[in-house]
1. Those residues that are of a type outside the set (A, V, I, L, M), part of a loop (DSSP other than H, G, I, E, B) and either within 14 Å of Ala153 (Cβ to Cβ) or open to solvent by less than 40 Å² (accessible area, probe 1.4 Å) (or both), I need them from the range 101-134; list them, please.
2. Do you know which of the residues in the range 329-338 that are over 18 Å from the mean Cα position of the chain (by Cα) and not aliphatic (A, V, I, L, M) is surrounded by the fewest Cβ atoms within 10 Å (Cβ to Cβ)?
3. Would you list the helices (runs of 4 or more DSSP H) that sit entirely within the range 1-100 and hold 1 or more residues that are open to solvent by 30 Å² or more (accessible area, probe 1.4 Å) and β-branched (Val, Ile, Thr)?
4. Considering only residues that are of a type in the set (Gly, Ala, Ser) and touching a helix residue (DSSP H, G or I) at 6+ places or on another chain (Cβ under 8 Å), which ones fall in the range 253-269?
5. Determine the pairs where a residue that is within 16 Å of Thr65 (Cα to Cα), located within the range 12-31, has a partner that is among the aromatic types (Phe, Trp, Tyr) and in a helix (DSSP H, G or I) with Cβ atoms under 7 Å apart, the partner being 6 or more residues away or on another chain.
6. Mind listing whichever residues of the range 27-38 are of a type outside the set (S, T, N, Q) and out of contact with any Ser or Thr (no Cβ under 8 Å at 6 or more places or on another chain)?
7. Conditions: (1) under 23 Å from Ser379 (Cβ atoms); (2) modelled with pLDDT of 80 or more. Thr294 meets all but one. Number of the miss?
8. Show the residue pairs meeting these rules: Cβ distance below 6 Å; 6+ apart or different chains; first residue within the range 43-54 and touching a residue at least 40 places away in the same chain (Cβ under 8 Å); second residue assigned to a helix (DSSP H, G or I) and open to solvent by less than 50 Å² (accessible area, probe 1.4 Å).
Amino acid sequence: MPSYTEELDRSRPGALRVACLLSAGLLLAFSALDRSLAPHAFLPLLAIRIGAVLLLLLCWRWTRTGPGLLVAASAVAVTAGTIEWALVITGGAGSPYLFSMMLVQAGVSILLPMRAIEAALLNVEILAVALAPMALLQGQERALTHVAGSYLACMAVISVAGAFVQDRLRRREHQTRAEFARHFGLLNLGTLAGGLAHELSNPLNAIGLQVEMLARDPSSTTKRVDRLLGSVARMRDILEAMRNGARVSSGERRQVDLAHEVDLAFTLIEGKLRSRATLVRAYAELPPVFCQPTLLGQVLVNLLSNAADAVAGRPHPRIALRVRREDEQALVEVEDNGPGVPEELREQIFQPFFSTKGDSGNGLGLWISSEIARVHGGSLSVAKGPSGGALFRLALPIDARTVEGAEAERAAQA
């Protein structure tokens with residue numbers, strides 16, 4: 001599975017967008033307190049708050065492209081700076097806005113997924129913004145500054161400790177999911193190994209038959225050799241697909257041909273599929289996707305195996321397998337004409353240990369598959385198909401680099 005750092009980087013943009021919008025709303029809401037505490041400065045403070053909201057909206061847009069920590073530091077600077085203006089105008093170190101600054105510190109550890117060292121850097125930034133102007137005060141105000149500084153320093157310690165605890169919990173969750181994925185991969189391998197002998201028996205029988213026929217009629221060498229080579233190629237395909245599925249510990253990501261990966265998954269359980277249903281395959285041309293082939297193969301095998309189970313015993317069983325593009329996503333659709341998934345269960349089936357197969361299911365397949373799709377920046381969903389059965393849709397983002405490379409290559413050829 002992707003590393004913890006990769007998962008952390010992917011989760012930050014969404015959390016930062018929520019934090020920016022929440023901060024913007026709270027800054028505007030506190031203008032009502034300005035009216036009560038500093039009526040003489042209400043309009044200047046309102047102008048400052050509106051400016052801060054606009055800057056936070058810019059940070060909100062920047063989350064899509066900018067480095068996560070830099071965007072967080074900018075949003076924190078805008079929020080803390082706005083509060084500092086209100087704090088100085090409404091009484092300095094004795095202002096009730098001091099508690100608003102502590103809310104910013106709490107938000108750092110609660111809203112933003114980050115490591116303890118990153119939370120510490122943001123808290124140092126908050127302390128610098130909050131205490132630098134008050135350090136210039138004299139007399140009793142200076143004594144209040146020391147009190148305010150001690151409050152903020154204690155809150156900084158709590159904020160960093162909270163970020164540390166959250167970071168440990170996220171790491172443990174990541175390790176647990178990685179372990180589940182590994183065990184699920186081994187479980188898949190055990191299931192596939194049981195059918196490997198059957199998958200290889202057909203081409204082996206064909207080879208034996210062709211050799212026997214060749215021994216009886218040596219003059220038919222050309223025709224027999226072609227059929228022998230076809231059976232050997234079939235065995236090679238099965239072993240290649242099995243070997244790809246066996247690399248459960250590989251974490252390498254690379255550009256892959258989605259249609260080819262679908263074919264490999266299909267090869268592994270072709271015997272099970274063909275014995276249970278009519279198969280329809282349709283592959284559209286699309287750019288490569290950037291993913292880990294092992295994990296992708298686990299998802300595809302699981303979806304195809306589920307489809308085969310769903311149509312078992314049904315009249316005129318049919319499974320459709322499609323690969324196509326929709327906007328900037330590559331889609332793999334597995335549709336069957338089985339009983340389908342009731343609408344009220346379409347969210348639950350992606351939860352761990354929930355199964356519609358009774359004792360024959362472990363409730364992990366679709367959950368692991370949806371997690372694999374999520375960590376690749378995609379999604380796994382289910383809907384009602386045109387035939388009334390289940391339509392599972394795996395959506396993966398098309399790597400922008402592959403699109404740019406393909407366009408550059410076409411331009412060079414032109």
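The values are calculated or read from the model by the stated rules, or taken from the named source; none is laboratory data. Note that the coordinates shown come from a computational prediction; the quantities given were computed from them, not determined experimentally. Glycine also receives a Cβ, built like all others from the backbone with ideal geometry; neighbour counts cover every protein chain displayed. All accessible areas refer to the heavy atoms of the entire protein, side chains included, with ligands and DNA or RNA removed. Shrake-Rupley method; radii C 1.70, N 1.55, O 1.52, S 1.80 Å.
1. Correct list: Pro113 only.
2. Glu333
3. 4-29, 42-62, 68-89
4. Ala265
5. Close Cβ pairs (under 7 Å, with a partner that is among the aromatic types (Phe, Trp, Tyr) and in a helix (DSSP H, G or I)) amount to Arg17/Trp60; Cys20/Trp60.
6. Leu28, Ala29, Ala32, Leu33, Arg35
7. The number of the failed condition is (2).
8. Matching pairs, first to second residue: Leu45/Asp34; Leu45/Ala86.
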